[in-house]
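First up is the structure itself, then whatever we jot down about it.
The values are calculated or read from the model by the stated rules, or taken from the named source; none is laboratory data. Keep in mind that what you see is a predicted model, and the values were worked out from it rather than measured. Heads up, the Cβs are rebuilt from the backbone with ideal geometry, glycines too, and the neighbour counts pull from every protein chain shown. Just so you know, the surface numbers come from the protein's heavy atoms only, side chains and all, with ligands and any DNA or RNA stripped out. Shrake-Rupley method; radii C 1.70, N 1.55, O 1.52, S 1.80 Å.
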Amino acid sequence: MFCGEYSHNLDAKKRIILPSKLREQLGDGVVMTKSVDRCVALYPVERWNAFTAKLDSLPDIETRQVKRFLYSAAFETSVDGQGRFLIAPNLCDYASLTRSVKVIGVGDHIEIWDEALWAEENSSENTADIANVLIKLGF
């Protein structure tokens with residue numbers, strides 16, 4: 001399970017070194033794509049395959065926009081010799097990633113956020129909404 005929040009910087013080539021704990025859990029192959037929350041989502045290949053198998057099993061008429069959104073931006077990558085991952089330019093643009101980023105564990109995947117967007121997303125204003133969702137789910 002991926003958890004935690006980490007501050008990192010992208011280098012000039014838009015590469016990031018993930019915390020070793022997260023990197024080890026990801027394994028060698030990683031799939032990156034857009035998230036609906038304006039961040040970059042990283043999935044271990046096995047988890048990505050399970051996710052897309054479920055998506056592909058649903059009627060195309062209901063999922064075609066979702067498939068276009070996810071698959072058009074997705075690419076598989078691996079860690080380089082120095083422990084870095086390259087983030088594609090289209091994903092950096094989509095998520096407004098420049099230099100300072102937040103890496104967060106989200107259970108089955110990792111998200112990379114622009115630091116300012118993460119601060120906005122993680123603001124205390126959202127706490128009431130989160131509490132309501134938890135109550136609705138029976139927690």
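Some notes on this structure:
- Segment 53-101, residues that are assigned to a helix (DSSP H, G or I) and of a type in the set (S, T, N, Q): 63, 65, 72, 90
- Filtered residues of segment 16-30 (kept if under 11 Å from residue 85 (Cβ atoms) and either modelled with pLDDT of 95 or more or out of contact with any strand residue (DSSP E or B) (no Cβ under 7 Å at 6 or more places or on another chain) (or both)): 23
- Some residue of segment 31-44 being modelled with pLDDT under 90 and within 21 Å of residue 99 (Cβ to Cβ): no
- Sole residue being more than 12 Å from the chain's Cα centre (by Cα), surrounded by fewer than 20 Cβ atoms within 10 Å (Cβ to Cβ) and closer than 16 Å to residue 42 by Cβ, chosen from 90, 122: 90
- For segment 48-87, the set of residues classified as under 24 Å from residue 19 (Cβ atoms), open to solvent by less than 30 Å² (accessible area, probe 1.4 Å) and not aliphatic (A, V, I, L, M) consists of 48, 77, 83, 85, listed by residue number.
- One residue from 116, 131 being closer than 21 Å to residue 11 by Cα and more than 15 Å from the chain's Cα centre (by Cα): 116
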